[in-house]
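Inspection log for the structure reproduced underneath, given as structure tokens.
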Amino acid sequence: MLAQLSLRADAIADQLARTQGLVAWDREQIIGKAQRALTELQGRTLRGPFGGAPVHVIERRQQPLECLAVVWDQLLRGRAVHVSAEPRACPAALELLAGERLPLGGALTLEGEDAEPPDLATRELVGVTPAHTRVAIVLDDTDRELAAYILARVSLRRSGLDPRAVKRVFISGGQARLERHLRRLWVGATVGAPQDPEMFAGPVDATIASKFLAAHERWAAAAGVEVLCPGGRLHIGGDSRSYLAPALLRVEWPPADPLFALSDDDAGWVGPVLMIHPFASAAAIDVALADGDVAVERRLIIGPRRRSRKGVDPDLPQSQGALMLERLPPGLPAPRPV
């Protein structure tokens with residue numbers, strides 16, 4: 001599987017560009033993640049249970065190739081696996097699985113390949129669970145420039161349609177400096193044809209573009225909201241596809257309008273948008289997260305790892321590291337003082 005994935009990488013990248021409008025660095029991230037997952041599985045000693053009831057795995061449209069490692073993990077355990085795909089999912093995963101040599105005891109069926117598909121109601125659904133948007137947390141001791149670049153990457157990736165996108169950030173201290181960096185990135189990120197390797201983001205579905213523009217009008221008119229960078233439609237000469245300029249909003253907390261209240265998932269905030277929620281302290285952020293019942297896996301702490309009373313809390317996702325030019329995605333402005 002690893003060899004086939006490498007051999008077909010260019011063709012798969014072309015499929016992702018055609019089916020989802022993903023730019024070059026997005027495509028590289030997706031293919032690289034699948035390769036790492038398979039490599040890890042290859043070097044891991046499997047622990048039981050082995051065999052067991054048949055299972056069903058779904059290839060998600062917004063999470064391309066993530067089913068590959070899940071399918072092989074189950075096959076290596078000797079289970080019978082059926083793989084289906086969501087509508088308009090990239091066909092690459094099922095194409096890679098077709099004709100694979102199976103491990104002893106494993107059995108694989110693919111959607112559309114058999115005249116009589118298995119009864120999926122009797123099969124356990126394993127992986128790939130739909131990903132959820134995240135809430136970013138920027139504390140007083142976090143470098144504001146580093147935070148801005150990380151937020152641009154995780155919020156605007158795939159024109160804001162990444163299922164793990166950050167749609168809102170809770171910040172304590174240094175608000176003005178972070179906003180200056182974010183404004184520059186929101187205005188300077190390049191958007192254009194997926195075939196251009198220098199683009200940061202590509203086109204979106206016309207229906208999504210219409211929903212984003214309609215929602216933006218509601219956001220801008222809501223109480224307690226200041227539009228720092230207005231979202232809108234971008235016109236790329238000679239290209240009829242839909243392109244969007246990202247929106248950056250400052251929203252007071254607690255929100256005056258229930259439209260901005262925390263939910264189980266901010267996926268309803270369609271398109272490239274980030275809400276900045278200023279807080280007086282880290283303690284106030286903790287209260288808001290608890291009141292909003294934001295699951296730990298949805299929290300992205302940007303900066304030094306937070307410490308609990310017992311020391312470092314290993315369970316909270318975080319992102320940190322030096323801001324290095326060679327690690328920046330194409331299409332973002334180079335760092336400079338603001």
Any idea which of ARG164, ARG184, ARG168 is open to solvent by 20 Å² or more (accessible area, probe 1.4 Å) and touching a residue at least 60 places away in the same chain (Cβ under 8 Å)? ARG184
I'm checking my understanding of the structure. Among residues of the stretch 133-161 that are β-branched (Val, Ile, Thr) and closer than 17 Å to LEU332 by Cα, which one is surrounded by the fewest Cβ atoms within 10 Å (Cβ to Cβ)? VAL154
When you check SER308 against the structure, is it among the hydroxyl-bearing types (Ser, Thr, Tyr) and either modelled with pLDDT of 95 or more or closer than 29 Å to TYR243 by Cα (or both), yes or no? no
Can you say whether ARG218 is among the basic types (Lys, Arg), exposed (fewer than 13 other Cβ atoms within 10 Å of the Cβ) and outside any loop (DSSP other than H, G, I, E, B), as far as the supplied structure shows? yes
Inspect all residues belonging to the stretch 251-267 and state whether any of them is within 27 Å of GLN29 (Cβ to Cβ) and at pLDDT 95 or above. no
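The values are calculated or read from the model by the stated rules, or taken from the named source; none is laboratory data. Remember, it's a predicted structure, so these values are computed and weren't measured experimentally. Using ideal geometry, Cβ is built from the backbone for each residue, glycine included, and neighbour counts are taken over all protein chains shown. Remember, those area values only see protein heavy atoms, side chains included, never the ligands or the DNA or RNA. Shrake-Rupley method; radii C 1.70, N 1.55, O 1.52, S 1.80 Å.
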